[in-house]
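The values are calculated or read from the model by the stated rules, or taken from the named source; none is laboratory data. Because the structure is predicted, anything quoted here is derived from the model rather than measured. All Cβ positions, even for glycine, are placed from backbone atoms using ideal geometry, and neighbour counts span all protein chains on display. Ligands, DNA and RNA are excluded from the accessible area calculation, which covers all protein heavy atoms including side chains. Shrake-Rupley method; radii C 1.70, N 1.55, O 1.52, S 1.80 Å.
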Amino acid sequence: MNLASLTLQRWMALIALTGVGMLVFGLYLQHVVGLNPCPMCIVQRYALIGVVLLGLLGWRLQGTSLGIVSLLLALSAGFGAFTAARQSWLQWYPPEIVTCGRDFYGMVENFPINRAIPMIFKGSGDCTKIDWTFLGGSIANWSFLAFVAFALAGLWLALRAFKQPKPTATEAA
């Protein structure tokens, strides 16, 4: 089986599976390696969760519904790509004053618990800090490339889904 022979639904399942793998790797980096996610990393996770959920939904659809879900997937991936690009830019050109987020202990010590809990889910790492690299690219750089690939795949799948012939009344019965 080659990639060209995959159905549109299997492409969506492959996108969802890839997204799940990325989320698992992010959790591994956080909980095993000990890297704290920054607020932009958390936003990228939400965008990736959107890609995964839309991929799973698209896996079960066809026709115009699949095309619409593919476009939504491309939008979610585009939002993630924008956030990753902004973080990459901040890493290349760090500002003098880092305003990306507070550390966990500083939030708990300085804010009442009802204000600290929402802040915890915003992330606590520094968005300009590069903690991990692979082939010279930071997590944000690789995340940007993955989101661009997801967005392009979503647009390609939408075009193919909208071009599919509609089933006739006798084929639908």
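If I ask for residues that are assigned to a helix (DSSP H, G or I) and in contact (Cβ under 8 Å) with a residue 40 or more places away in the chain, which ones from region 28-47 would you list? Steps first, please.
Within region 28-47, the subset assigned to a helix (DSSP H, G or I) is 28-33, 39-47.
Answer for region 28-47, where residues must be assigned to a helix (DSSP H, G or I) and in contact (Cβ under 8 Å) with a residue 40 or more places away in the chain: Leu29, Val33, Pro39, Met40, Cys41, Ile42, Val43, Gln44, Ala47.
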Reported set for region 126-162 where residues are surrounded by 20 or more Cβ atoms within 10 Å (Cβ to Cβ) and modelled with pLDDT under 75 is Cys127
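Go through region 1-22 and report how many residues are part of a loop (DSSP other than H, G, I, E, B) and open to solvent by less than 40 Å² (accessible area, probe 1.4 Å). Please lay out each step first, then the result.
We begin by selecting, within region 1-22, every residue part of a loop (DSSP other than H, G, I, E, B); these are 1-2, 6-7.
Checking the rest, the ones that are also open to solvent by less than 40 Å² (accessible area, probe 1.4 Å) come to 6.
Count: 1.
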### Task
Return yes when Phe25 is more than 21 Å from Leu155 (Cα to Cα), in a helix (DSSP H, G or I) and of a type in the set (Phe, Trp, Tyr) and no when it is not.
yes
